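Derivation of every value follows stated rules applied to the coordinates shown; laboratory data play no part. In this text the structure is predicted, and so the values were computed from the model without any measurement. Heads up, the Cβs are rebuilt from the backbone with ideal geometry, glycines too, and the neighbour counts pull from every protein chain shown.
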Amino acid sequence: MQRHEPEQRAPEPGERRARATDADLAEGVVGAEPPLEPRAPRRVARELSAAGLPSVLEAAHHAFGAMGVVRSVHALSVVNQKHGFDCPSCAWPDPDGERKRFEFCENGAKAVASEATLERATPAFFARYGVSELRLQSDHWLEQQGRITQPMLLERSRDHYQPISWDHAFELIASELHALGSPDEAVFYTSGRTSNEAAFLYGLFARQFGTNNLPDCSNMCHESSGVGLKAAIGVGKATITLEDFLHADSIFVIGQNPGSCHPRMLLELEKAAKNGCRIVSVNPLPETGLLRFKNPQRPLALLGTGTPIACLHLPVRVNGDVALLDAIMKRMLELDRESGGRVLAHDFIEQHTEGFAAFAANIEAHGWAQLIEESGVARELIEEAAAIASRSERMIVCWAMGITQHQNGVANVQSLVNFALLRGQIGRRGAGLCPVRGHSNVQGDRTMGIWERMSDEFLQALGQEFGFAPPSHHGQDTVGSILAMHDGRVKVFVGLGGNFLSATPDTRFTSEALQRCRLTVHVSTKLNRAHLITGERALILPCLGRTERDSQASGEQFVSVEDTMGVVHASRGVLEPASPDLRSEVAIVCGIAHAALAGRTRVDWLGLAADYDRIRQHIEHVVPGFYQYNRRVREPGGFYLPNAARHGVFETASRRARFSAVDLPRHELEDGKLLLTTLRSHDQFNTTIYGESDRYRGIRGGRRVIFLNPEDMLARELSDGQRVDITSHHGSERRLAERFVVVPYPIARGCAAAYFPEANVLVPIGSVARGSNQPASKSIPITLAPSA
Ligand code: SF4
């Protein structure tokens, strides 16, 4: 395999960070953010139809390039199949019934190729490249270096990782944990790829160690959904199944970009659109996936212009969703009055909900002018959307982080619940709520107990099963963990998967926080920026990927996961592991626990690592809905978890669904400020950067771009392609991100968009959603200034 050389970058005028100085490194600023780009990204024509032939070619290019043809065919023929492995990318469900020969999308192929690559980051690689040099490389370059093959240790004051044996790595972790003044001085982070079995044991280990410090990536993506839904309908998950898309007559897709983030959702939207379902897109940007779709599973569909998906696009201002939904619902209330009560589901509201009167009074208190101004959407479009919702018998509402990552993210979710309740659109076929999860097992990890605030019932059941008393005080979530690391209350960070540094807000603050730890540990498959901004000492523990066979003492194992609609199913890897020195996540968790809890646990950690059926037996005893887990998970396609709201039963305190009177968020955008939202490129999955293009938005060869409405550019005398520095404003605090290229785009007026993780530096650690503490990465007040 050809080793990719580091990118040779000629410093440009104004580039200040071509090379790290000792002082820079001591500050921990250099390399925490993706580096400035040597070349400006190019603008190309936007693709206005999602998937199609370009998608097939891209998938093949990534798969064959990374894995070769034979390995590609082998791996991709079983991804998302009932006997195969679960796509390591998003959490979109697979069909219950018969599946197609190829059940993956372009991004799924990229994720598989990224994991099953033939490239290797061996100890020789780490001997060649020091951390200070690696920090200057792009996220894409780091991603391309391949699978890490052995456990690696970065010792105090050293610049190079060195190999370490598994036993020594576990002993080192154990000795650092034992040296803590309190178990709460450690945090145990989980990324959404972790299997149910590994997550369950990880939570058990943390609690036997004595802490509930179990932050996860759900803290950053759908915490607001969980909080808002649980309070309003009694369950924090989707209330629909995949089949409901076939029966829906309207679907509202709000603050979500399925074309890049959950591409196989387009298959369901296409079927729905062909059935005559009215699909409404609500987003500050017109995203390609919701315009047209060329289904790659139907060769003839690759020709022509594709199937139109959304019949209506509402170009809402960033965080104008409450105002928009209020406006739509205000119109529905008007229509109901005009029709003599034939629009709202009055019987349902009467029998199954509470809070309607206060909700309706709150809506009526807002005038049309205010709602139009705050939402940025014209009244005719609002009335069209209200007409669709008012006629709909079976409406699905889908959303993602465009809804949740705001200071009022919980209120946004409550607004969506209000919208669905008006016509009783929960608990019947073809209707319901669908927060679409971003990472393949993020929902399952939470079900397994990865949460800093698990219920007393869960903790009690866990304690009973394993004969110990779990700590009852709440632990730290992601933002709390960063703050605790920063002020010295947490000294050991362990990350089970993920790229904590690049996924989290306030990059410089977070990098300082990580560097104040005594030890940072990452269980990973590939190199990422979190391995480069470390505590005094750092470990990388390389694990098996989803694609790989997992052999333990009792024989070949499989793991299980839960998708975004609550289906739990098996995942079995088929490829030879990238290195004989890799261990499964389960084995790594058990190894750490065995070393750290020696003499303090009755759990047979090594026995559990040898036979995952034994883990599932314990899960069955602790987690509701997992009865006969080992039998049911072996059934092709798995099983559904119970979900009362799906059947119209609301497990709230009053046994009724709750309408909420939601305040309108106000943004004081004086002095020419814009509201910036962060987003992904099409060549990106969460923090993994597969390439530096975004063909759906017409960008090639770079990522430091800022999308602006042409009228906003004109008002600020900014030109197409100009470099600007972005300053974010949070009270009197200022944060700076330099040298972004201006791209004119049909984004709502007063708004801007830039990719994360590049824009994470602009998100203040203190800017979080009320009630969920989720970082508010999607509404950042900014100003722009031409770069020097
Ligand atoms: S939709 Fe999501 S889970 Fe399905 S193949 Fe694509 S990336 Fe993977």
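Details
- Value of Rg/Rh across the chain [Cα atoms, Kirkwood radius]: 0.94
- Length released on extending from Lys230 to Arg666, taking residue separation times 0.36 nm less the Cα-Cα span: 154.4 nm
- Charge sum, other residues only, whose C-beta stays under 13 Å from Ala609's C-beta, Lys/Arg counted +1 and Asp/Glu -1: -4
- Selection among Val768, Gly702, Pro786 by position relative to the dipole of the range 685-788 gives Val768 as farthest towards the positive end (Cβ unit charges, Cα centre).
- Relative contact order [Cα under 8 Å, 6+ residues apart], the chain, whole percent: 22 percent
- Between Arg734 and Ala469, the simple label model (points 7 Å from Cα in the Cβ direction) yields a spacing of 5.4 nm.
- Distant-in-sequence amide contacts of Arg120, defined by a placed amide H-H separation under 5 Å and a gap of 5 or more residues or a different chain, comprise Arg147.
- Electrostatic dipole magnitude of the chain [Cβ: Lys, Arg +1; Asp, Glu -1; Cα centre; debye, to 20]: 1080 debye
- In the chain, a dipole from Cβ-located charges (positive for Lys and Arg, negative for Asp and Glu) runs towards its positive end, and of His352, Tyr627, Val30 it is Tyr627 whose Cα lies farthest in that direction.
- Potential extension, Lys274-Arg700 segment - 0.36 nm per residue separation minus Cα distance: 150.1 nm
- Taking the Cα centre of the range 427-498 as reference, the dipole from Cβ charges on Lys and Arg (+1) and Asp and Glu (-1) amounts to some 340 debye.
- FRET efficiency, Ser157 to Glu133 (Cβ-Cβ, R0 22 Å, nearest 0.05): 0.85
- Distance in nm between pseudo-label sites at Arg749 and Gln351 (7 Å out along the Cβ direction from Cα): 4.7 nm
- A Förster radius of 25 Å combined with the Cβ-Cβ distance from Ser175 to Leu606 puts the calculated FRET efficiency at roughly 0.80.
- Total formal charge among the other residues, if their Cβ is under 10 angstrom from that of Val521, Lys/Arg +1 and Asp/Glu -1: 0
- Simple label model, 7 Å out from Cα along Cβ direction - Arg46 to Glu536, nm: 5.2 nm
- The shape of the range 91-240 comes out oblate: with a ≥ b ≥ c from the C-alpha gyration tensor, a/c is at least 1.5 while a/b does not beat b/c.
- Residue order, fewest to most beta carbons within 10 Å, for Phe419, Phe756: Phe419, Phe756
- DSSP-loop chymotrypsin sites (Phe, Trp or Tyr not before Pro) across the range 690-788, with at most 11 other Cβ within 10 angstrom: none
- With θ taken as phi - 60° and the Karplus curve 6.51 cos²θ - 1.76 cosθ + 1.60 applied, the whole-hertz 3J(HN,Hα) list for the range 763-774 is 8, x, 4, x, 9, 9, 6, 5, x, 10, 6, 7 Hz, x standing for glycine and proline.
- Taking the average, over residues, of other Cβ atoms within 10 Å as the packing measure, peptides 242-249, 448-455 rank 448-455, 242-249 from highest down.
- Separation of the range 291-351 from the range 37-60 is 28 Å, based on Cα centroids.
- Amide H partners (placed H, <5 Å) of Arg537, local residues excluded: Leu519, Thr520
- Listed residues Val567, Pro296, Gly750: farthest to the positive end of the dipole of the chain (Cβ charges): Pro296
- Chain lengthening between Ala715 and Ala788 when straightened (0.36 nm per residue, less Cα-Cα): 24.3 nm
- Net charge over other residues, Cβ less than 10 angstrom from the Cβ of Leu314 (K, R count +1; D, E count -1): -2
- Ordering of 548-554, 33-39 by burial proxy (mean other Cβ atoms within 10 Å per residue, highest first): 33-39, 548-554
- Förster radius 41 Å - calculated FRET efficiency between Leu53 and His83, Cβ distance, rounded to 0.05: 0.90
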